[in-house]
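Below: the structure, in structure tokens.
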Amino acid sequence: MVVIGIAMLQGARHAHIDAIQRAAKELAMEIEVVELRTAEDLQQQTIDALLLPGGESTVMRLRGNDQTSRLLPALFAWMRENDSRPVLATCAGAILLADPQDGGEPLVDADIDRNAYGGQADSFESELDCGFPGIFIRAPRFGDVRDEVECTLSGEIVGVRRGNRIALTFHPELGNDSRYHRMLLEACA
Ligand code: GLN
């Protein structure tokens, strides 16, 4: 049984849960999804992989650093201690990985610029160069990328990979293609 932790701080959480369940079905894999709200939730579980949804990184930082949760520092510590464990971070989640703002090393080595395509009205859908349906919602943009390139949109980097850790500026959980969620599960094997 593979255990997938999902950060329930804010944002597109339930679509990620649906997407990972769909991916597990496609792979005929048995998984358990554990909802993480506090540092204790993480300490009480051994998770094999982590989903870090999108939403608003400012809200996630506030909630995740609040004394009642402390989930964010616990997640960063887990990632640094378990360097090869699979992580899928999307949009605001990618911002948190590239710019953890906790005085420690970034979790992916890339510059990132919040809301770089504009506001809500500038959200868009566009097929990535690999054919994946990219849904970009108040998306950030990578600047200088020092880790591996995971995927591009018309040549521009929209996904960064460090080993099994993937940071995407779009929302794979909102389309029908569960490729990225399958990738997370396959990396657990
Ligand atoms: N604009 C958001 C931020 O800065 C990210 C948007 C998203 O996750 N869809 O955190």
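The values are calculated or read from the model by the stated rules, or taken from the named source; none is laboratory data. Given the structure is predicted, the values throughout are model-derived calculations rather than measurements. Virtual Cβ from ideal backbone geometry, glycine too; neighbours counted across all protein chains shown. What goes into the accessible areas is simple: the full protein's heavy atoms, side chains included, and nothing from ligands, DNA or RNA. Shrake-Rupley method; radii C 1.70, N 1.55, O 1.52, S 1.80 Å.
When the residues of region 70-99 are filtered to those that are part of a loop (DSSP other than H, G, I, E, B) and open to solvent by 10 Å² or more (accessible area, probe 1.4 Å), the one that is farthest from E40 (Cα to Cα) is D99.
Of the residues making up region 56-69, just one is crowded, with 20+ Cβ neighbours inside 10 Å and assigned to a loop (DSSP other than H, G, I, E, B), namely S69. Taking region 128-141 as the range and being more than 10 Å from the ligand (Cβ to nearest atom) and in contact (Cβ under 8 Å) with a residue 12 or more places away in the chain as the test, the residues that pass are L128, D129, C130, F132, P133, G134, R141. Of everything listed in (1) touching a Ser or Thr at 6+ places or on another chain (Cβ under 9 Å); (2) over 21 Å from P172 (Cβ atoms); (3) not charged (D, E, K, R), the single unmet condition for G104 is (1). For D41, state whether it is touching a residue at least 60 places away in the same chain (Cβ under 8 Å), part of a helix (DSSP H, G or I) and surrounded by fewer than 21 Cβ atoms within 10 Å (Cβ to Cβ). So D41 fails the test. Hey, any hits in region 174-185 for a residue that's open to solvent by 60 Å² or more (accessible area, probe 1.4 Å), among the small types (G, A, S) and not in a strand (DSSP E or B)? Checked against the condition, which is being open to solvent by 60 Å² or more (accessible area, probe 1.4 Å), among the small types (G, A, S) and not in a strand (DSSP E or B), region 174-185 yields no hits at all. The set of residues in region 100-111 that are open to solvent by less than 50 Å² (accessible area, probe 1.4 Å) and within 14 Å of the ligand (Cβ to nearest atom) contains only P100.
Do we have A24 as surrounded by 23 or more Cβ atoms within 10 Å (Cβ to Cβ), modelled with pLDDT of 95 or more and either in a helix (DSSP H, G or I) or within 12 Å of the ligand (Cβ to nearest atom) (or both) here?
Spelling it out, it is not the case that A24 is surrounded by 23 or more Cβ atoms within 10 Å (Cβ to Cβ), modelled with pLDDT of 95 or more and either in a helix (DSSP H, G or I) or within 12 Å of the ligand (Cβ to nearest atom) (or both).
Of the residues making up region 1-21, those that are modelled with pLDDT under 95, of a type outside the set (D, E, K, R) and under 12 Å from the mean Cα position of the chain (by Cα) number 2.
Of the residues R114, R165, which is closer than 27 Å to A77 by Cα and within 12 Å of the ligand (Cβ to nearest atom)?
Working: R165 fails: within 12 Å of the ligand (Cβ to nearest atom).
Exactly one of R114, R165 is closer than 27 Å to A77 by Cα and within 12 Å of the ligand (Cβ to nearest atom), namely R114.
The set of residues in region 116-147 being surrounded by 14 or more Cβ atoms within 10 Å (Cβ to Cβ) and not hydrophobic (A, V, I, L, M, F, W, C) consists of Y117, S123, P133, G134, R138, P140, R141, D147.
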